[in-house]
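Enquirer: Below are the structure tokens for one structure; questions will follow.
Throughout, read-outs are computed from the coordinates displayed, never taken from laboratory work. Model, not experiment: these values are computed from the prediction. For neighbour counting, all protein chains shown are included, and Cβ atoms are generated from backbone atoms with ideal geometry for every residue, glycine included.
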Amino acid sequence: MRHGLYAFCVSTIVKKKTLKQFEAKGSGQITENSPWVTGAVLLQDAQKIGAEMPVIFSDAAHDAESLLYWAVLRRINVDGRQTVVSFEKFSRIRGRHGRSSLTRRSPREQIKPNYRRPYAICETPEWLS
């Protein structure tokens, strides 16, 4: 665990306009049309041990490869095929990092270029703080 961060994070894509709104507020909420079941289980585990689980954002519309922002997950509510995700401490990522530099939890390999799924569970990168 780095600086109180959980070993795993979520990488997801959101439109840049929405990311800018989150940046202005410092927090936000998204609704996804896919069940983030594993993410919800891991967030519960992180909270049990007093760790913060990061969520890392890329631009869904133009450049899903560049990692732009990150935040701390507060809630992941799965209801059937829909998931509502709440987060806070929203901030820019320092430096230039690509989504393909993240290592997926399963299978344990780097995310492939042009990976367009709505979310991936990854190992929390060393550079995140």
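Enquirer: For each of V78, V55, V84, V37, count neighbouring Cβ atoms within 10 Å of the residue's Cβ, then give the residues from fewest to most.
Expert: By the 10 Å Cβ count, ascending: V37, V84, V78, V55.
Enquirer: Suppose every Lys and Arg Cβ carries +1 and every Asp and Glu Cβ carries -1, with no other charges. What dipole size does the chain come out with about its Cα centre, to the nearest 20 debye?
Expert: The calculation lands at about 220 debye.
Enquirer: Using amide H atoms built 1.01 Å from N in the peptide plane, name the residues 5+ places from I13, or on other chains, whose amide H lies under 5 Å from its own.
Expert: S58
Enquirer: To continue, here is another question. Name the most mobile residue of A24, A40, A64, meaning the one with the largest mean-square fluctuation, in a Gaussian network model of the chain with Cα contacts below 10 Å.
Expert: Largest GNM mean-square fluctuation: A24.
Enquirer: P(r) for the chain, please, calculated from all Cα pair distances in 10 Å bins and given in %.
Expert: Here the calculated profile for the chain is 14, 48, 36, 2.
Enquirer: Tell me what the chain gives for mean residue ellipticity at 222 nm when only DSSP H runs of n ≥ 4 count, each as -39,500 (n - 2.57), the sum divided by the residue total, rounded to 500 deg cm²/dmol.
Expert: Rounded to the nearest 500, the figure is -5000 deg cm²/dmol.
Enquirer: Filter the GluC sites (Glu not before Pro) in region 39-116 to those in DSSP coil with at most 13 other Cβ atoms within 10 Å of their Cβ, and list the result.
Expert: Here the sparse-neighbourhood loop sites are E109.
Enquirer: Let me confirm the definition first: pairs of Lys residues in the chain, 8 or more apart or on different chains, C-alpha distance under 30 Å. How many are there?
Expert: Here the count comes out as 15.
Enquirer: Determine the distance separating the Cα centre of region 44-90 from the Cα centre of region 98-114; give it in Å without decimals.
Expert: Here the two parts' Cα centres lie 16 Å apart.
Enquirer: Starting from the Kirkwood radius over alpha-carbon pairs of region 1-46, derive D by Stokes-Einstein at 20 °C in a medium of 1.002 mPa s and give it in µm² s⁻¹.
Expert: Approximately 170 µm²/s, per Stokes-Einstein.
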